[in-house]
Amino acid sequence: MVARPRGKPFTVDTRPTKIALVNSLTRDISVEACVFDLIDNAVDAARESIFAKSEDLSSATLPESYSGYEIRLSFSGERFCIADNCGGISVEDLQQTALRFGERSTHPLGIGIFGLGLNRALFKIGKVGNIHSDTGRQRSELVLNTENYLQTTDTWDIPAKEFKSSGHIGTIVEIVQLHNEIAQNFGDTTWVENYRKEISRRYGRFIRKGLIIDVNEIPAEDGEIHIREDGPFKDEYKFYVLDGVSVYFQVGQHEQHRFSAEPSYEKSSNAQLTLQYGWTILCNDRAVIMADRSWKTGWDAKFHTEFYGFVGVVNFVSDSPSLLPWDTTKSDVDLNNRAYQVALNDMRKFAQKWRQFATQAKVLKRKDVPLLPLPDAGPAPVPTPAGGVGISPAANPAPIPKPLPKETPRSDAGVTGGRKPKAIIKPDHNQFASILPKDVSERYCDDKHLALVHEAKTFNLRDFPYAGMALIRILFEVSAVKFFDRLGLAGEVQRFVIAERQKKNFTVRDPISMTVSADEYITYMETHPEIWGTLKAGHLKQALRNMAARKKLLNGVVHNPYQSINGSEAFAIRDEVLPILRHLIQADPPS
């Protein structure tokens with residue numbers, strides 16, 4: 001056999017050219033989205049600064065206040081500048097990650113995530129970019145001449161300089177020699193005014209929390225669409241966690257909308273609000289789409305007049321922003337995201353519930369019966385996007401940064417990461433007065449069950465122990481019904497109960513309409529421990545024994561006029577049965 005000659009090895013160069021890479025990054029993104037990326041980066045830096053300065057505030061919690069932080073944008077036909085006082089870029093981060101293509105942000109709960117924002121803006125907007133950044137310990141400067149950079153093929157590095165800190169913390173990104181069409185837009189007062197309004201809509205949640213975003217020396221206002229607190233429609237809300245993403249729903253009536261049956265109704269006023277109805281999707285507080293009424297947010301049929309007044313907000317929150325349902329431009333939702341697909345089903349249900357109420361309101365109008373506001377009980381206790389355990393900034397205020405001087409540095413997100421996130425704080429059962437803690441997932445709750453869970457989360461057991469015992473009893477029964485329905489075992493439970501009743505010579509005339517009692521559910525659970533699974537069996541069997549032992553007392557509180565109970569007993573019962581209640585409410589069905 002003739003030996004094959006040994007070939008001389010060599011390598012094949014697959015490195016992209018700078019021009020090809022830059023063109024691919026900037027071709028399909030708008031200049032508006034590029035500037036949004038820079039704002040996102042500044043917001044990330046502000047939040048990182050809040051985390052660093054507030055040791056009591058978990059990084060699993062979206063900040064409740066951005067007071068003292070400012071982002072200032074300046075548009076003109078010759079120059080664009082964005083400056084803030086949000087933390088600064090360290091020399092190390094500027095050197096290694098800030099302008100590295102595709103270096104993803106490591107900011108907990110970030111919104112500037114894809115590692116492209118600063119790069120794209122510099123190349124998209126103009127020919128020369130200047131970065132000035134100061135962390136309070138060190139200051140750095142960098143100049144990027146785009147044409148020179150693209151023509152240099154032997155290195156990807158950009159020279160920069162380090163200086164002593166000036167004491168003004170933050171970063172300035174200034175871009176000059178703007179490209180022609182962009183220069184025309186930036187010099188157009190109408191374009192700038194419209195862009196300020198768009199900032200108000202996309203960053204309304206941050207502005208409401210105290211962040212100042214200034215556009216050509218005029219602050220952007222809170223443009224978020226707010227839900228009415230004094231109307232006839234009771235706000236709906238829901239919370240659960242799925243695949244590392246917390247999902248927060250809030251649904252209600254537009255704060256300025258009035259149903260035709262309300263005494264204060266004015267048709268002309270309502271007509272001005274039409275474009276503000278629909279769903280708004282937030283990711284870590286950043287608006288992705290606003291007032292949407294398309295199939296993307298569950299409107300499979302045409303958006304009818306029955307939905308006028310409807311305002312729904314879904315906030316997807318994750319410590320890992322790459323898990324959130326947004327596209328790379330953060331201007332649209334990712335329909336393939338599993339958390340979004342699950343949420344979409346709830347969005348349809350909430351919209352249908354609104355439609356039913358609107359139909360009832362029309363009936364009242366035809367009967368000339370006024371639709372009156374609900375008694376004032378304050379705003380609904382919507383869980384905060386923080387796992388329900390966030391700390392009030394009023395009680396633990398973060399140190400306030402210095403106000404932003406006229407051209408003071410700003411920090412870019414994606415470059416100050418690396419700090420290890422703090423552990424999520426679990427609620428201490430001894431420190432809350434309700435029946436259920438706020439972190440109980442509501443994913444599988446609907447209608448009456450969801451209302452009962454909300455009551456249990458807001459109920460003050462300390463002040464109302466008797467009513468609390470009745471609520472625990474009702475919640476256990478309804479949660480058991482939903483649990484067995486979810487597991488596909490409702491029929492098996494019914495057959496088991498019929499057999500048990502027949503042993504006691506009880507006649508079951510109509511099995512279809514038969515109601516299973518709490519005692520019978522407990523008996524089934526005790527005789528079928530396999531439903532808990534191996535990992536939780538011991539823990540839940542003990543909680544179920546506690547429930548069975550306390551059942552007589554719970555029944556006595558409801559039915560026996562002489563049965564007494566004190567606050568200590570009430571809290572002891574709650575703690576004993578909480579594990580079984582939690583499991584029945586939030587346990588996943590078999591896959």
Among the residues of the range 287-337, count how many are under 24 Å from residue 260 (Cα atoms) and not aliphatic (A, V, I, L, M).
13
Specify which of the listed residues (174, 141) is touching an Asp or Glu at 6+ places or on another chain (Cβ under 9 Å), at pLDDT 95 or above and either exposed (fewer than 13 other Cβ atoms within 10 Å of the Cβ) or within 21 Å of residue 95 (Cβ to Cβ) (or both).
174
Please verify whether residue 566 is in contact (Cβ under 8 Å) with a residue 40 or more places away in the chain and either polar (S, T, N, Q) or outside the structural domain of residue 474 (by TED's automatic domain parsing) (or both), treating the condition exactly as stated.
yes
Please state which of the following conditions residue 284 fails to meet, knowing it meets all the rest: (1) closer than 24 Å to residue 31 by Cβ; (2) of a type in the set (S, T, N, Q); (3) surrounded by fewer than 20 Cβ atoms within 10 Å (Cβ to Cβ).
(3)
Return a yes/no flag: does the range 541-563 have any residue that is exposed (fewer than 11 other Cβ atoms within 10 Å of the Cβ) and either in contact with a Cys (Cβ under 9 Å, 6 or more places away or on another chain) or in a loop (DSSP other than H, G, I, E, B) (or both).
yes
Picked from the range 446-474 (must be charged (D, E, K, R) and within 29 Å of the chain's Cα centre (by Cα)), the residue nearest to residue 434 (Cα to Cα) is 457
Please determine whether any residue of the range 232-255 is surrounded by 16 or more Cβ atoms within 10 Å (Cβ to Cβ), more than 26 Å from the chain's Cα centre (by Cα) and of a type in the set (D, E, K, R).
no
Residue 477: outside any loop (DSSP other than H, G, I, E, B), modelled with pLDDT of 85 or more, within 36 Å of the chain's Cα centre (by Cα) and surrounded by fewer than 11 Cβ atoms within 10 Å (Cβ to Cβ), yes or no?
no
State all residues of the range 311-333 that are among the acidic types (Asp, Glu) and crowded, with 16+ Cβ neighbours inside 10 Å; if no residue qualifies, say none.
319
Say whether the condition of being of a type in the set (D, E, K, R) and more than 24 Å from residue 362 (Cβ to Cβ) is met by at least one residue in the range 254-271.
no
Restricting the range 549-591 to residues that are modelled with pLDDT of 85 or more and of a type in the set (Gly, Ala, Ser), which is nearest to the chain's Cα centre (by Cα)?
587
Would you mind finding the one in 515, 527 that is surrounded by fewer than 12 Cβ atoms within 10 Å (Cβ to Cβ), at pLDDT 90 or above and among the polar types (S, T, N, Q)?
527
Residue selected from the range 214-240 under the condition in contact (Cβ under 8 Å) with a residue 24 or more places away in the chain, hydrophobic (A, V, I, L, M, F, W, C) and assigned to a strand (DSSP E or B), by the criterion nearest to residue 311 (Cα to Cα):
227
So, residue 227, is that one at pLDDT 95 or above, under 28 Å from residue 61 (Cα atoms) and touching a helix residue (DSSP H, G or I) at 6+ places or on another chain (Cβ under 9 Å) or not?
no
Which condition number does residue 190 fail, the rest of (1) among the hydroxyl-bearing types (Ser, Thr, Tyr); (2) assigned by TED's automatic domain parsing to the domain that holds residue 340; (3) surrounded by fewer than 19 Cβ atoms within 10 Å (Cβ to Cβ) being met?
(2)
May I ask you to verify whether residue 287 is touching a strand residue (DSSP E or B) at 6+ places or on another chain (Cβ under 9 Å) and either free of Cβ contacts under 8 Å to residues at least 24 places away in the same chain or within 30 Å of residue 74 (Cβ to Cβ) (or both)?
yes
Out of all the residues in the range 9-44, which are of a type in the set (Gly, Ala, Ser) and farther than 30 Å from residue 70 by Cα?
20, 24
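Is it the case, given these coordinates, that residue 144 is over 21 Å from residue 32 (Cβ atoms), hydrophobic (A, V, I, L, M, F, W, C) and either assigned to a strand (DSSP E or B) or out of contact with any helix residue (DSSP H, G or I) (no Cβ under 9 Å at 6 or more places or on another chain) (or both)?
Yes; evaluated as a whole, the condition is true for this residue.
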Which numbered condition trips up residue 253, out of (1) closer than 30 Å to residue 62 by Cβ; (2) modelled with pLDDT under 95?
(2)
Cβ contacts < 9 Å: first residue within 15 Å of residue 175 (Cβ to Cβ), restricted to the range 20-47; second residue among the hydroxyl-bearing types (Ser, Thr, Tyr) and part of a helix (DSSP H, G or I), any location; separation 6+ or different chain. Result?
22/146; 22/149; 32/195; 34/26; 35/195
Options 229, 198: the member that is more than 23 Å from residue 131 (Cα to Cα), not basic (Lys, Arg) and not assigned by TED's automatic domain parsing to the domain that holds residue 133:
229
Whether any residue in the range 184-191 is in a helix (DSSP H, G or I), over 36 Å from the mean Cα position of the chain (by Cα) and modelled with pLDDT of 95 or more is what I want to check.
yes
Among the residues of the range 323-343, which ones are of a type outside the set (Lys, Arg) and under 18 Å from residue 28 (Cβ atoms)?
326, 327, 328, 329, 331, 332, 333, 334
Could you tell me whether the range 202-213 includes any residue that is charged (D, E, K, R), closer than 27 Å to residue 332 by Cβ and outside any helix (DSSP H, G or I)?
yes
Of the residues that sit in the range 534-548 and are without any contact (Cβ under 8 Å) to a residue 24 or more places away in the chain and hydrophobic (A, V, I, L, M, F, W, C), which one is nearest to residue 241 (Cα to Cα)?
535
Looking at the range 151-177 only, could you name the residues that are more than 36 Å from the chain's Cα centre (by Cα) and assigned to a strand (DSSP E or B)?
160, 161, 162, 163, 164, 176, 177
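The values are calculated or read from the model by the stated rules, or taken from the named source; none is laboratory data. Fair warning: this is a prediction, and the values are worked out from it, not measured in the lab. All Cβ positions, even for glycine, are placed from backbone atoms using ideal geometry, and neighbour counts span all protein chains on display.
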